[in-house]
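Everything on this sheet refers to the single structure shown next.
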Amino acid sequence: MTHYFISDLHLQGNRPAMSEGFFGLLDRLKDAETLYILGDFFEVWIGDDYTDALVERIQTSLKALADQGVKIFFMHGNRDFLMGDVFANACGAEMLAEGTVITVGDQQALLMHGDSLCTRDVAYMNMRQLFRNPEWQADLLSKSIEERLAIGQQVRSESKAGQQMKADDIMDVTPEEVDKVMDDAKVNLLIHGHTHRPATHDWECNGQKRQRIVLGDWGDDHGWLVRWDEGSSPVLEKFGF
């Protein structure tokens, strides 16, 4: 059986080509045992009580895949940190904690969204701490949907403006942090997204070979995934639609 990993789709109603690409991918996952969605599935997620035509179609499509026996997992990203069990259950999926270790065959891998690895971006790390605060989240969810939509758009605009002022290396992972989390998890393979820099990195640490696979963000005509067949190594793939 095959395990699939995707992240950083940033799905939104005003980019239908990308959404259709996602639905097309689901139709092709005939050999899947699991599908891991490692954060930033939506461009903005304001709470499980929000719905629209795209959200309903996603729930229906993922639930159909789950009913075929595919196990589906969501992980929070920096855009959809308010995603919860209500949405996941409607998709026939489960929420997965950041830093979960999975086993495929005789290999283990650490799964992350990846934003916590960008420790040189101090401003973002401070913002991340606020966004992940349960009290702050509860206060935000107490507001009306209209208020949350406005806040979400404001935060997104400010984030885009801030990124334009930052050096590229600041927004990438910190190598020392990567080795630290891999040491803590006792693994030599890490799969994550967030940075929008798809690549497979190989290096050695303390005499051990390590690998970090970075998923790419989706566009209007292509997506990225990691395919991992049991008995072989995971492979990063770009595909068109």
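Let me confirm the definition first: pairs of Lys residues in the chain, 8 or more apart or on different chains, C-alpha distance under 27 Å. How many are there? Lysine pairs satisfying the spacing and distance rule in the chain number 13. Given a 1.4 Å probe and every protein chain left where it sits, what share in percent of the accessible area of the chain is carbon and sulfur? Of all accessible area on the chain, carbon and sulfur atoms account for 50 percent.
Using C-alpha pairs under 8 Å with a sequence gap of at least 6, the mean separation divided by the residue count of the chain gives a relative contact order of 24 percent.
So if we plug the beta-carbon distance of residue 89 and residue 12 into 1/(1 + (r/R0)^6) with R0 = 22 Å, what FRET efficiency do we get, rounded to 0.05? Write out the running numbers ahead of the final one.
Numbers: r = 23 Å, r/R0 = 1.03.
Between residue 89 and residue 12 the formula returns 0.45.
If R0 is 41 Å, the Cβ-Cβ spacing of residue 237 and residue 150 corresponds to a FRET efficiency of close to 0.60.
Could you tell me whether the stretch 35-135 comes out rounded, prolate or oblate from its Cα gyration tensor? Rule is a ≥ b ≥ c as square roots of the eigenvalues, rounded for a/c under 1.5, then prolate if a/b exceeds b/c, otherwise oblate. Oblate shape, in that a/c is at least 1.5 and b/c is the bigger or equal ratio. Think of a 1.4 Å ball rolled over the protein heavy atoms: the stretch 87-217 then has 54 Å² of accessible area per residue.
Once the Cβ-Cβ distance of residue 180 and residue 53 is raised to the sixth power relative to R0 = 35 Å, the FRET efficiency obtained is 0.25. Taking trypsin sites (Lys or Arg not before Pro) across the stretch 82-163, the ones in a DSSP loop with at most 15 further Cβ atoms lying within 10 angstrom of their Cβ are 132, 143.
The values are calculated or read from the model by the stated rules, or taken from the named source; none is laboratory data. Keep in mind it's a predicted model, so treat the numbers as computed, not measured. Methodologically, a virtual Cβ is constructed for each residue, glycine included, from the backbone with ideal geometry; neighbour enumeration extends over all protein chains shown. The protein model used for the area step is the full one, side chains on, heavy atoms only, and it has no ligands, DNA or RNA in it. Shrake-Rupley method; radii C 1.70, N 1.55, O 1.52, S 1.80 Å.
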